[in-house]
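> Submitted below is the structure of interest, expressed as structure tokens.
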There are 2 protein chains.
Amino acid sequence: MNLSLSPLALEVLDLIDTLVARYQESYEAAAARHQLTGSQVRVLELLSHQPLAMRRLAERLKCEPSNVTGIVDRLEARGLVRRQPDPADRRVKLAAVTEAGRLIGDQVRASTDFTRTRLTTLPPEDCAALHAGLYRMLN
Amino acid sequence: MNLSLSPLALEVLDLIDTLVARYQESYEAAAARHQLTGSQVRVLELLSHQPLAMRRLAERLKCEPSNVTGIVDRLEARGLVRRQPDPADRRVKLAAVTEAGRLIGDQVRASTDFTRTRLTTLPPEDCAALHAGLYRMLN
DNA sequence: TATTGTTATACTCTATAACTATA
DNA sequence: TATAGTTATAGAGTATAACAATA
């Protein structure tokens, strides 16, 4: 329904398509440089603040819990994550990032961002415009 | 390296993370509503203007040509795409969207966009700010 | 009974390597 | 010999359904 979008809005739509594409590329490429997939890096990020139950991890990843088993298996096999019992509920397994996992997660994030590098050199007034526009759009 | 990013830039980074996540969700969900994957819809979009050689499709999708064979196979099995010979080079197969494929592609795109619906209601001044900021960031 | 995590299964996307038919 | 598309293979992510352990 392009009819309801102004010419300016259509251009913004194109810019957003480009932004998303570059963001994705940069994210996957950074992960691949460390022989990791995007999902694996995502888990490392989600666990960087505190351990999470497999169930919670599935919610955050927006996928089925059965998938998380495999992703965490592969991270655990490489020593980047470990499973811990939950003292409060013996059904639950908490996934926790290891020191090695935290290190790699930080490295990937630092080497990732197309977005990040672009933002460092963006003049403050453009940054402010971006902030205002995005904030209004997302809220 | 958050040290080199201003507090404002950090907030923009968060906003962009959110934007990308919502964009992705909305794209995949719209595709799924039509029993299609994101890649399949992407192909439908790429072919919406003109037929493309399998090789070109692979370039646009940023994946190996061998993968395109499978994606086009599945679309062809559902009658959404067909393979045509290239009169100029008998090695080449041109993938072309069918009428049914064009119809579904349009429907998905219309039902997709989180981005699109947000932009329709965004005040012109916010839209202009977004455009300015994104343009400067991406170019 | 309900919930947590896992297993089993099937499908899609992905890359790599080897093959065929053209050029 | 080089290129276009395919096949074969293997790994990863995804959803669904069924299961054991625990609540």
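The values are calculated or read from the model by the stated rules, or taken from the named source; none is laboratory data. What you are looking at is a predicted structure, and each value in this text was computed from that prediction instead of being measured. Neighbour counts run over all protein chains shown; Cβ positions are idealised from the backbone, glycine included. These area figures cover heavy atoms from the full protein model, side chains too; ligands, DNA and RNA do not enter into them. Shrake-Rupley method; radii C 1.70, N 1.55, O 1.52, S 1.80 Å.
> Work through the residues other than A:Arg74 whose Cβ is under 14 Å from its Cβ and net out their charges, Lys, Arg +1 and Asp, Glu -1. It would help to have the intermediate numbers written out before the result.
Working: positive: A:Arg42, A:Arg78, A:Arg82, A:Arg83; negative: A:Asp73, A:Glu76.
Value of the local net charge: +2.
> Quick one: buried accessible area between B and A, total over both chains, 1.4 angstrom probe, nearest 100 Å²? Before the final figure, lay out the partial values.
On the way: alone 9880 and 9880 Å², together 15380 Å².
Summing both sides, the interface buries roughly 4400 Å².
> Given label points at 7 Å from Cα along Cα→Cβ, what nm distances, shortest first, separate B:Gly70 from the same residue in every other copy?
Sorted ascending, the copy-to-copy spacings read 1.2 nm.
> Within a 10 angstrom radius of each residue's Cβ in B:33-43, how many Cβ atoms of other chains show up on average? Whole number is fine. List each step's numbers first, then the result.
Numbers: counts 0, 0, 0, 0, 0, 0, 0, 0, 0, 0, 0.
Taking the mean over all residues of the peptide, I get 0.
> Here's another thing I want to ask about it. How many angstrom lie between the C-alpha centres of the range A:45-81 and the range B:77-139?
When both Cα centres are located, 33 Å separates them.
> Per residue of A:11-23, count partner chain C-beta atoms within 10 Å of its C-beta, then hand back the mean as an integer. Intermediate results must be reported in sequence, preceding the final value.
Working: counts 5, 14, 5, 3, 8, 12, 3, 4, 7, 9, 2, 3, 6.
Taking the mean over all residues of the peptide, I get 6.
> Only four residue types carry charge here, +1 at the Cβ of Lys and Arg and -1 at the Cβ of Asp and Glu. Report the dipole size of the range A:2-111 about the Cα centre in Debye, rounded to the nearest 20. The partial results should precede the final answer.
Working: 16 positive and 14 negative charges, 128 e Å.
Dipole magnitude for the range A:2-111 comes out near 620 debye.
> Follow-up question, since we're still on this one. Taking every eigenvalue of the Cα gyration tensor of the protein assembly as shown, multiplying by 5 and rooting it, what semi-axes result, largest first, whole Å? Let's see the in-between values first.
Values: eigenvalues 230, 152, 67 Å².
For the protein assembly as shown, the ellipsoid semi-axes come out as 34, 28, 18 Å.
> Suppose we keep just the alpha-carbon trace of the range A:2-111; what are its Rg and Dmax in angstrom?
Here Rg and the maximum Cα pair distance are 17.7, 58 Å.
> Quick one: angle between helix B:99-112 and the longest Cα principal axis of chain B, in degrees between 0 and 90, rounded to 10, please.
Helix B:99-112 sits at roughly 10 degrees to that axis.
> Name the residue farthest towards the positive end of the dipole of the range A:2-111 from the options A:Val41, A:Asn67, A:Ala95, assuming +1 on Cβ of Lys and Arg, -1 on Cβ of Asp and Glu, about the Cα centre.
The residue sitting most towards the positive pole is A:Ala95.
> When the accessible area of the protein assembly as shown is computed with all protein chains present and a 1.4 Å probe, what percentage of it is carbon and sulfur? Kindly include the intermediate steps, with their values, before the conclusion.
Values: 8110 of 15380 Å².
C and S atoms contribute 53 percent here.
> Kindly report the accessible area of the protein assembly as shown per residue (heavy atoms of protein chains, probe 1.4 Å, no ligands, DNA or RNA), in Å². Please report the intermediate quantities before stating the final value.
Values: 15380 Å² over 278 residues.
Per-residue value: 55 Å².
> Calculate how steeply helix B:65-77 sits against the longest principal axis of the alpha-carbon atoms of chain B, using the helix alpha-carbon long axis, and give the answer as 0 to 90 degrees to the nearest 10.
70 degrees
> Shifting gears a bit: Considering Cα pairs under 8 angstrom that are at least six residues apart, work out the relative contact order of the range A:2-111 and quote it in whole percent. Don't skip to the end; give the middle numbers.
Values: 99 pairs, mean separation 27.4, N = 110.
This gives 25 percent for the range A:2-111.
> Helix-only mean residue ellipticity at 222 nm, the protein assembly as shown, DSSP H runs n ≥ 4 weighted -39,500 (n - 2.57), per residue, nearest 500. What is it?
-21500 deg cm²/dmol
> Say the dipole of the range A:1-120 comes from +1 at the beta carbon of Lys and Arg and -1 at that of Asp and Glu; which of A:Pro7, A:Gln84, A:Ser26 then lies farthest toward its positive end?
My answer, from the dipole projection, is A:Gln84.
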